[in-house]
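A short worksheet on the structure shown next.
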Amino acid sequence: SEAATKTRKTFYTFDNIKTKICLEHIVAGGRNISRAREETGATGATGGALWESSYVLSDWISRHLRRKQAKTKVQLTDSQNLLPPSVQDLLCGFLLPKGSTGIELGAGLGLTSIVAKKRTKVRIIATDGDSAVLDLLRRNCELNNSKVKVKQLWWGSENIMSDLGIKKVPSMLFGSGIVYGKDTGVFQKLAKTIYELSGPKTIVLLAHGQGAAPGVHEGNGCFFDLIKHNFEVYRIPSDTLHPKHRDGSCVIHLLLRKPNMPLKNKGKEDQPTDARKRKNTNTLKSETNSENRAKKKKRKQQKQSARIKAPNSKLTLTPKELAGET
């Protein structure tokens with residue numbers, strides 16, 4: 001239908017970004033497309049529309065991600081001063097390390113990636129799984145003369161680092177409107193992807209709008225049950241969001257990875273074991289095998305040297321005597 005294919009260009013403005021950002025999107029989000037894009041049953045054009053959470057995260061990043069160190073320190077409110085230091089640092093404005101990477105999951109139209117690239121000099125990679133969405137994503141990057149790199153990425157990939165062409169985990173990982181539906185398998189793949197693309201210093205930002213899965217706004221539900229095993233989860237104060245989006249309809253969560261925590265729900269073969277116990281078990285098996293081989297060799301030698309009874313005679317001969325040797 002027309003709604004599923006017709007596109008329109010819309011312009012957006014943000015604090016600290018001088019130029020307007022132009023996005024080409026599908027009218028009405030292409031909701032008449034019936035083919036499923038993911039196991040969640042989302043329509044094929046889910047990534048063809050701009051969702052509220054994407055704008056909220058883009059606006060927040062435009063005001064908190066800095067190109068250089070601020071000359072004056074941001075004054076936090078009394079309630080913000082009660083937050084952990086890691087959260088306070090973000091609220092005061094943060095820099096991404098030189099030579100690092102920022103990656104967006106489920107980028108869709110690419111608004112947040114484009115904004116992030118305009119606010120930092122590091123490499124930004126926008127990812128999505130749908131081929132049609134990737135085409136639209138590339139066009140939007142070109143429309144804005146953005147040097148954002150576009151890559152196809154399927155959550156849960158076994159070779160995720162090589163798929164993205166990176167050797168180190170990114171310094172910032174972000175996504176908006178990507179925790180929706182109720183398919184546990186999708187949540188597991190997303191949690192695995194976030195885990196493998198993060199390190200102790202990676203800033204993970206996830207924004208959620210009205211279409212989020214049940215409990216997500218409160219940091220609960222199936223997805224957060226998986227993610228909390230490996231990450232500390234903090235809710236970004238609503239008074240730091242855009243004034244029009246402080247009513248709770250959109251929230252942003254900060255995820256910081258816990259140190260030395262293995263991925264939850266691994267198979268038995270991947271579970272950690274006591275190294276000393278494993279070493280002792282292997283040593284015992286090796287000693288047992290050596291003893292068995294020695295016993296077998298001894299029995300063979302005894303059999304060969306045994307006296308063999310000659311036929312029709314009480315005389316017994318050795319193997320050498322049977323061979324005619326003396």
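The values are calculated or read from the model by the stated rules, or taken from the named source; none is laboratory data. Being a predicted model, the structure only gives us computed values, none of them experimental. Counting neighbours? That spans all protein chains shown, and the Cβs are built from the backbone with ideal geometry, glycine included. Only protein heavy atoms, including side chains, enter the accessible area calculation; ligands, DNA and RNA are left aside. Shrake-Rupley method; radii C 1.70, N 1.55, O 1.52, S 1.80 Å.
Listed residues SER286, SER249; which is modelled with pLDDT of 70 or more and small (Gly, Ala, Ser)? Full working, then the answer.
On the way: SER286 fails: modelled with pLDDT of 70 or more.
Every option except SER249 fails the conditions.
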Q: Select from segment 193-244 the residues that are farther than 23 Å from SER62 by Cα and among the hydroxyl-bearing types (Ser, Thr, Tyr) and write down the one among them that is surrounded by the most Cβ atoms within 10 Å (Cβ to Cβ).
A: THR193
Q | Tally of residues being of a type outside the set (S, T, N, Q) and modelled with pLDDT of 50 or more across segment 252-277 | A | 12
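How many residues are β-branched (Val, Ile, Thr) and either in contact (Cβ under 8 Å) with a residue 40 or more places away in the chain or open to solvent by 70 Å² or more (accessible area, probe 1.4 Å) (or both) when one looks only at segment 144-164?
Of the residues in segment 144-164, the ones β-branched (Val, Ile, Thr) are 148, 150, 160.
Within this subset, residues satisfying the condition of being either in contact (Cβ under 8 Å) with a residue 40 or more places away in the chain or open to solvent by 70 Å² or more (accessible area, probe 1.4 Å) (or both) are 150.
The number of residues fulfilling the criteria is 1.
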Q: Looking only at segment 80-114, count how many residues are free of Cβ contacts under 8 Å to residues at least 40 places away in the same chain, under 17 Å from THR202 (Cβ atoms) and in contact with a Lys or Arg (Cβ under 8 Å, 6 or more places away or on another chain).
A: 2
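Before we move on, is ALA45 closer than 30 Å to PHE223 by Cα and either modelled with pLDDT under 50 or out of contact with any helix residue (DSSP H, G or I) (no Cβ under 6 Å at 6 or more places or on another chain) (or both)?
yes
Give the residue, chosen from VAL115, VAL122, VAL150, VAL169, that is aliphatic (A, V, I, L, M) and more than 20 Å from the chain's Cα centre (by Cα). Before you say what the answer is, go through the steps one by one.
Working: VAL122 fails: more than 20 Å from the chain's Cα centre (by Cα); VAL150 fails: more than 20 Å from the chain's Cα centre (by Cα); VAL169 fails: more than 20 Å from the chain's Cα centre (by Cα).
Being aliphatic (A, V, I, L, M) and more than 20 Å from the chain's Cα centre (by Cα) holds for just one of VAL115, VAL122, VAL150, VAL169, which is VAL115.
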**Q.** Residue, surrounded by the fewest Cβ atoms within 10 Å (Cβ to Cβ), within segment 165-192, restricted to residues that are out of contact with any strand residue (DSSP E or B) (no Cβ under 7 Å at 6 or more places or on another chain) and β-branched (Val, Ile, Thr)
**A.** THR184
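Has segment 233-243 got at least one residue that is in contact (Cβ under 8 Å) with a residue 12 or more places away in the chain, assigned to a strand (DSSP E or B) and touching a Pro at 6+ places or on another chain (Cβ under 8 Å)?
Our first condition is that a residue be in contact (Cβ under 8 Å) with a residue 12 or more places away in the chain; within segment 233-243, this holds for 233-242.
From what is left, the residues that are assigned to a strand (DSSP E or B) are 233-235.
Of the ones still in play, those that are also touching a Pro at 6+ places or on another chain (Cβ under 8 Å) are 234.
Looking for residues that are in contact (Cβ under 8 Å) with a residue 12 or more places away in the chain, assigned to a strand (DSSP E or B) and touching a Pro at 6+ places or on another chain (Cβ under 8 Å), one finds at least one in segment 233-243, hence yes.
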Q) How many residues does segment 180-207 hold that are more than 12 Å from ILE103 (Cα to Cα) and in a loop (DSSP other than H, G, I, E, B)? A) 7
Q | Every pair of residues 6+ apart whose Cβ atoms lie under 7 Å, when the first sits in segment 115-137 and is basic (Lys, Arg) while the second is buried (at least 21 other Cβ atoms within 10 Å of the Cβ) and assigned to a strand (DSSP E or B) | A | LYS117/ILE124; ARG119/LEU65; ARG123/THR101
Q) Taking segment 1-34, which residues are part of a strand (DSSP E or B), at pLDDT 85 or above and open to solvent by less than 60 Å² (accessible area, probe 1.4 Å)? A) THR10, TYR12, ILE21, CYS22, LEU23, GLU24, HIS25
(Q) Against the definition (in contact with a Cys (Cβ under 7 Å, 6 or more places away or on another chain) and open to solvent by less than 70 Å² (accessible area, probe 1.4 Å)), how does VAL115 come out, yes or no? (A) no
